[in-house]
Every structure is written in structure tokens, then in C-alpha cells.
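The structure appears right after this line, and notes come after that.
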Amino acid sequence: MNLYDTKSVICHKCKFVIGEIDFDAEVILPLCGNCANPMPEGDKILYTASYFKNNPPLKKAMIIQSP
């Protein structure tokens, strides 16, 4: 296989180049990561991401141990 045996895969919505595949392969309506909606509505990862953005974890210097 050489360089000319591949073709570029381009996102159907935003025309972003995703990668390369074999020339004889067929892909129907490829989507990049942003267009594929990696965080769908109703997924708990959105809550987790917003929680850590608003409440960063404490550093060791900030933790005070009481005697």
C-alpha cells in the first residue's frame, strides 16, 4: 500500500478532514467529533464536567487538618 491507495474522509456538515481510508472503502455521511455531538442531552457527563469547572478539587496546601 502506498500514499495513493488512500482517500481523505471529510465531515459531511463542516467539511473538516477527519482522516484517510482505503481508496476502495465507502463511508456514508461521515461526521467529525464536534458534529457527532459527543455529549448528548441527558448524559451525566455534562453534569460532571460543569461540576468540576465550577468546583475545582482542593489542593493539598488548601486542606487544613484540625487537631
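Read-outs throughout are calculated quantities, based only on the coordinates presented, and are distinct from any laboratory measurement. Please read all numbers here as calculations on a predicted model, not as lab measurements. Cβ: placed from backbone, ideal geometry, glycine included. Neighbour counts: every protein chain shown.
Quick look at the numbers
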read-out: Contour minus Cα-Cα distance for E26 and C14 (0.36 nm per residue); value: 2.4 nm
read-out: Amide H within-cut-off set for V9, under 5 Å, with H built and near neighbours excluded; value: I18, G19, E20, I21
read-out: Cβ-defined net charge surrounding V27, 13 Å radius [Lys, Arg +1; Asp, Glu -1]; value: -3
read-out: Per-residue ³J(HN,Hα) for the stretch 18-23, Karplus 6.51 cos²θ - 1.76 cosθ + 1.60, θ = phi - 60°, Hz, x for Gly and Pro; value: 8, x, 10, 9, 4, 4
